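The values are calculated or read from the model by the stated rules, or taken from the named source; none is laboratory data. Keep in mind it's a predicted model, so treat the numbers as computed, not measured. Positions of Cβ are backbone-derived with ideal geometry, glycine not excepted, and every protein chain shown enters the neighbour counts. Surface accessibility is based on the protein's heavy atoms, side chains included, excluding ligands, DNA and RNA. Shrake-Rupley method; radii C 1.70, N 1.55, O 1.52, S 1.80 Å.
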Amino acid sequence: LHPVRADEFIKEGKLMRHEVLRNTHKLTVVDSLSDVDAFIAAGKQVVFFSHQWTAFKSPDPSDGQYHTMCSSVKELAKRNGWDESLKDVFVWVDYSCIPQANASVQNLAIRSLAVYASSATYFVIIAPDVTHADLNNKCDLDTYQRRMWCRAEQVCHSMRNGTSGMFLAVSHKSE
């Protein structure tokens, strides 16, 4: 598991590629499921963001999903009384937390998605209305729910944790 601290995630201003975060030492490495459990037991929160890519080669060219992620982690902090600095909150999102440059390492990480989703403290579906940059069609909650990977992530999280820590975010505005 290679999450990024939430305050660093927000400072970036957009979704950042795994290798950029790795090379700037902004990823935290947690080696095993038991280490993840110990990490959480030590007071850390792990927020798993599940979303659909809105371009073939870029996860979020409009930054609409990124802004929804930032609003969501801040709202979770507010609801749960977490320190506003977000230094004990860690974000997991595919583009930033799965290697992108090396296909074989990427494949190994993708095979671990079930573990990543199930080990998170919170699971947030990110599904604002945005336009797919290459197909020019609308991406929203309906299209998100049709994606096998998205459904699989939901099932994996709920099987280990139940649904009380699962949320839906369809806007970056407070409503």
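Points worth noting:
- Checking each residue in the stretch 128-148 for being open to solvent by less than 40 Å² (accessible area, probe 1.4 Å), in a loop (DSSP other than H, G, I, E, B) and out of contact with any Ser or Thr (no Cβ under 8 Å at 6 or more places or on another chain) picks out only ASP140.
- Among the conditions (1) farther than 22 Å from LYS11 by Cα; (2) part of a helix (DSSP H, G or I), ARG79 misses just one, which is (1).
- Note on the stretch 110-127: among residues that are of a type outside the set (A, V, I, L, M) and open to solvent by less than 50 Å² (accessible area, probe 1.4 Å), the one that is nearest to HIS51 (Cα to Cα) is PHE123.
- Those residues of the stretch 45-89 which are open to solvent by 20 Å² or more (accessible area, probe 1.4 Å) and on the phi > 0 side of the Ramachandran plot, in sequence order: ASP63, GLY81
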